[in-house]
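Trainee: The structure's right below; bear with me while I get my questions together.
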Amino acid sequence: MQNWNLLFRRTHLYLGLLLIPWMLVYALSTVVFNHRESFRVGHQTDPLWRPLWEKEVTFQVPSDPAGLRAAVKSLLDENGLKGAFFARRQGERLNINVQNFWHPRRVTYDFTTKKLRAEGRPFAATEVLTRLHERTGYRQGGPLNNLWAFFVDLFSVATLAWIATGLYLWWKLSATRTWGWLAIGGGVATILTLVTTL
Amino acid sequence: MNPTPAKLIRRTHMYLALFLTPWMVIYALSGLVLNHQETVRGWYGGKFNDFEKIEERPYAAAFSADADARMIGGQVLADLGLAGAFNVQGTPNQPKLVITRNAAFTAHRVTYFRTENRLLIEKLALNAPMTVNRLHFRHGYEQPFIPAKIWGFMVDLAIVGLLFWIVSGIWMWWEIKPARTTGAIFVLIGFGAFSLLLATI
């Protein structure tokens, strides 16, 4: 029994220490999301995207999604733009978002004028935080992108593990049971009231 | 007897976590859904985020010339018995206003065809992954409804909880001398991996 207790304590502790950077990111970025109006002040007159360059390019787009993705990757590589990206054709326009925590790029190709245009965003610490918060998934491939997605999974599973081991450790402290039940009951009652009235 | 500062920190760490357990469960489950969106969408055969038509009905209401889109949206929802947090797309001068009523479990989309005096009412198909995502994405104090504002406060409390768990967790780790070395290794791995990813992707 002592071994289980120690195992749960150490799992709870070491997972927490490992994931401190992600806990910080999710906490601080949520301040930005939850108080968005406060963070908009000062940015209202700034353009969101600023032109970087424009060039004439002849670009053939395959109709299938895999072919489109491969062609866009080549196009980005040729123009020195590396990183995870999403591409979508809308009529005579191809929109490509190149992800990067610090310097995301928006690239558009106009099939009528054959112009390829790249734009960047001015640096804003709050945007770096929200990009870190919002980045998920294994779609992009590549070891580093997959490592980030793995840490997102690890953080989610760790949160469930903190809850499970935390409940176990609370139950072992018999002197705290009454207040613990009140805390759990208060949280459950609050969320039930909210979800039925929102 | 007054508790010692050490005991106070430990108990606050624990009771805050016990209180916030439902929110942490939502954020954890939603994190998994978002990180595996294609797989989860596949479970629902592509109908993951679809609105289903509930009804169409005539709606004859007279709005003053200075009525803004939010005021019109709020009145339409109140007349349908759907009052609560919502967003509106469109302007009062346009022939069509799209009102999205965001409840906890699902959402209604009401399209108001002003020139035709007609409403189209649709509802988001209910499913567990979308519900946890909707609760995860809900934040802020902009909506003028008390439950929505309390939810915004709970999000702030979750932020305080996360920051307090970090600080108190580091303090509690340092108090356990046999755990210092192993703990330091985990801290270094975490910061090392995070720094690498922050600098490269």
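FYI, it's all coordinate maths here, none of it is from the lab. Remember, it's a predicted structure, so these values are computed and weren't measured experimentally. Cβ atoms come from the backbone with ideal geometry, glycine included; neighbour counts cover every protein chain shown.
Trainee: Testing the spin-label approximation: label points 7 Å from Cα along Cα→Cβ at A:N3 and A:F111. State their distance in nm.
Mentor: 6.6
Trainee: Output the pairs from A:K114/B:K47; A:K82/A:K114; A:K73/B:K123 with a Cα-Cα distance over 30 Å in this structure; if there are none, say none.
Mentor: Over 30 Å apart, Cα to Cα: A:K114/B:K47; A:K73/B:K123.
Trainee: By a straight-distance test (C-alpha under 15 Å), which aspartates and glutamates pair with B:K7 as possible cross-link partners, with residues fewer than eight away in the same chain excluded?
Mentor: Answer for B:K7, where 15 Å is the Cα cut-off: B:E175, listed by chain and number.
Trainee: Follow-up question, since we're still on this one. So if we plug the beta-carbon distance of B:E38 and B:M71 into 1/(1 + (r/R0)^6) with R0 = 45 Å, what FRET efficiency do we get, rounded to 0.05?
Mentor: The calculated FRET efficiency here is 0.65.
Trainee: Now a separate question. With label points built 7 Å along Cα→Cβ from the Cα atoms of A:F86 and B:T91, find their separation and express it in nm.
Mentor: 2.8
Trainee: Here is a further query. Would you compute, from DSSP H runs of 4+ residues alone, the mean residue ellipticity of chain A at 222 nm, taking -39500 (n - 2.57) per run and dividing by the full residue count, rounded to the nearest 500?
Mentor: -19000 deg cm²/dmol
Trainee: Rounded, prolate or oblate, given the Cα gyration tensor of segment A:50-121, with a/c below 1.5 counting as rounded?
Mentor: Verdict is oblate for segment A:50-121.
Trainee: Label the protein assembly as shown by shape, choosing from rounded, prolate and oblate, from the square roots a ≥ b ≥ c of the eigenvalues of the Cα gyration tensor; if a/c is under 1.5 it is rounded, and otherwise prolate applies when a/b is larger than b/c, oblate when it is not.
Mentor: oblate
Trainee: Using a Cα-Cα cut-off of under 18 Å, which aspartates and glutamates could be cross-linked to A:K55, ignoring same-chain neighbours fewer than 8 residues away?
Mentor: Answer for A:K55, where 18 Å is the Cα cut-off: A:D77, A:E78, A:E92, A:D110, A:E119, listed by chain and number.
Trainee: Give a residue-ordered list of calculated ³J(HN,Hα) values for segment B:123-130 (Karplus: 6.51 cos²θ - 1.76 cosθ + 1.60, θ = phi - 60°; whole Hz; x for Gly, Pro).
Mentor: So the J values, rounded to whole Hz, are 10, 6, 4, 7, 8, 4, x, 5.
Trainee: How many Cβ atoms of partner chains, on average, are near each residue of B:184-193 if near means within 10 Å of its Cβ?
Mentor: The shielding value for this peptide is 5.
Trainee: Sum up the charges of everything whose Cβ sits under 11 Å from the Cβ of B:G169, counting Lys and Arg as +1 and Asp and Glu as -1, but leave B:G169 out.
Mentor: Surrounding charge for B:G169 is 0.
Trainee: If you take every DSSP beta bridge whose two residues both sit in segment B:51-124, what share of them, in percent to the nearest 5, is antiparallel?
Mentor: 100
Trainee: As an exercise, use a Förster radius of 22 Å and the Cβ-Cβ distance of B:E142 and B:A61 to find the FRET efficiency, rounded to the nearest 0.05.
Mentor: Plugging the Cβ-Cβ distance into 1/(1 + (r/R0)^6) gives 0.30.
Trainee: With each label point set 7 Å from Cα along the Cα-Cβ vector, what nm distance links A:L182 and A:V57?
Mentor: With each label point 7 Å from Cα toward Cβ, the separation is 6.4 nm.
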